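The values are calculated or read from the model by the stated rules, or taken from the named source; none is laboratory data. A quick note: this is a predicted structure, and the numbers were derived from the prediction, not measured. FYI the Cβ positions are ideal-geometry reconstructions off the backbone, even for glycines, and counts take in every protein chain you see. Accessible surface is based on the protein model in full, side chains and every heavy atom, while ligands, DNA and RNA are left aside. Shrake-Rupley method; radii C 1.70, N 1.55, O 1.52, S 1.80 Å.
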Amino acid sequence: MITGGAGFIGSHVVRLFVRKYPQYTIINLDALTYAGNLENLKDIESAPNYRFVKADILNQAGLEKIFDEYGITDIIHLAAESHVDRSIVSPLDFVYTNIIGTVNLLNTARHKWAEPAGHLFYHVSTDEVFGSLGEKGFFSETSPYAPNSPYSASKASSDHFVRAYHETYHLDTIVSNCSNNYGPNHFPEKLIPLFINNIIQRKPLPVYGDGKFTRDWLYVKDHARAIDLVFHNGKPGETYNIGGFNEWKNIDLVKLLCTLMDVKLGRAAGDSEQLITYVKDRPGHDRRYAIDATKISSELGWKPSVTFEQGLSETIDWYLNNTEWLNHVTSGSYQTYYESMYANR
Ligand code: NAD
Ligand code: DAU
């Protein structure tokens, strides 16, 4: 069972597993919140080894029924509230889904897997649990936890529960902590898809603070490949850091995006850069993330397969070719959300 499979990363993981492992039956459990969208999986929805189940991880009784009905053997858990800005506005939503939802899932696995051996609970987490780096250094698997946003605090808490269930109840668990993903199907509230959408529509590009905040970007399909490797070859009880070896200051990334999009949209050079608008900073904004991915690379043989320029170019092309998807996800309450989000910036 893959939870959160209708979301951004989850949909890439579901597709990879459905196609690569016809011998597995893949159950995609997702509540279809604003971030979940079955259009992300149209190409595999009628595959014989795929089932979608609409369910909320906050509903423990529902989870137990699903375990019984489908005989769930292993879990890759991605369902979460994932956006830092939303967590600043509504921290409790993150406590419910990310902490309580994860504990519900752990409890269900613990009760249903009478013999824990032979089952795996794999929790997909974030590098944000480690807090912020200075100018130098990297996050490794032994970096101390120091979350700064309600989102990262909720993910840190869920990581700790997963660890505790391994130690206390001997559940076979793995946690991976990944850096910023980008690629097709990314909801346009996060930096890259929001700015692609705004450039298309010639709307302002709201760069937080001085724009010199650094993120380590990884193409989502490379994250999905890493999850496949960790799921099959990772050691229970261990954690793995996943990152793109690809640090960018936000403002440099935004300028690259503008340049690529000017070419693709046939606009004059420098046109889109004029949309850049510096706005008030995000509270508690982490200055820099960077992952040391040596462990997953040396133990499991993983490395990113595309350069940032290739991945970004493919991503822009995907958004330009999927305007229907973009229109669907930005209709409804999207506009109201943005107006309230940026009202004070
Ligand atoms: P997303 O917001 O795109 O998708 C989350 C999915 O979870 C959606 O399909 C949503 O419907 C589902 N969901 C939310 N609440 C649910 C609930 N209560 N019950 C069942 N389903 C629910 O998120 P994403 O960016 O794909 O991230 C997936 C996971 O990977 C998250 O756990 C996130 O913390 C982690 N992660 C994300 C990134 C990133 O850069 N996006 C990086 C590292 C780790
Ligand atoms: O590091 C992994 C994390 O990456 C994941 O765990 C999160 O789920 C994911 O959302 C992402 O978090 P960030 O906060 O780093 O991503 P976001 O796209 O929101 O912001 C990236 C950077 O861009 C960050 O420094 C804030 C800045 N930013 C973001 C937005 C949305 C802006 O300057 N302007 C914006 O409008």
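Computed quantities for the displayed model
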read-out	value
Top-ranked residue in the range 203-219 [being buried (at least 21 other Cβ atoms within 10 Å of the Cβ) and closer than 23 Å to VAL306 by Cβ; ranked as farthest from ligand 2 (Cβ to nearest atom)]	TYR219
Flag for LEU229 being of a type in the set (A, V, I, L, M, F, W, C), at pLDDT 95 or above and not in a helix (DSSP H, G or I)	no
Lone qualifier among ILE227, ILE200, ILE192 - being open to solvent by less than 10 Å² (accessible area, probe 1.4 Å) and either within 24 Å of TYR334 (Cβ to Cβ) or more than 10 Å from ligand 1 (Cβ to nearest atom) (or both)	ILE192
Scope the range 1-50; condition outside any helix (DSSP H, G or I), among the small types (Gly, Ala, Ser) and near ligand 1 (Cβ under 9 Å from one of its atoms); matching residues	GLY4, GLY5, ALA6, GLY7, ALA31, ALA35, GLY36
Filtered residue count, the range 158-189, keeping only those that are in a strand (DSSP E or B), open to solvent by less than 10 Å² (accessible area, probe 1.4 Å) and over 14 Å from TYR122 (Cα atoms)	1
Matching helices (runs of 4 or more DSSP H) fully within the range 275-345 where at least 1 residues are modelled with pLDDT of 95 or more	294-300, 308-321, 323-329
Residues that are in a loop (DSSP other than H, G, I, E, B), open to solvent by less than 60 Å² (accessible area, probe 1.4 Å) and away from ligand 2 (no atom under 16 Å from the Cβ), drawn from the range 239-269	ARG267
Subset of the range 25-40 [under 16 Å from the mean Cα position of the chain (by Cα) and either of a type in the set (Ser, Thr, Tyr) or at positive phi (or both)]	LEU32, THR33, TYR34
Per-region count, the range 69-90, residues within 16 Å of ligand 2 (Cβ to nearest atom) and surrounded by fewer than 16 Cβ atoms within 10 Å (Cβ to Cβ)	2
Condition met for HIS111 (modelled with pLDDT of 95 or more, away from ligand 1 (no atom under 15 Å from the Cβ) and open to solvent by 70 Å² or more (accessible area, probe 1.4 Å))	yes
Residue match in the range 14-25 (condition: within 16 Å of ligand 2 (Cβ to nearest atom), within 26 Å of THR330 (Cα to Cα) and open to solvent by less than 50 Å² (accessible area, probe 1.4 Å))	no
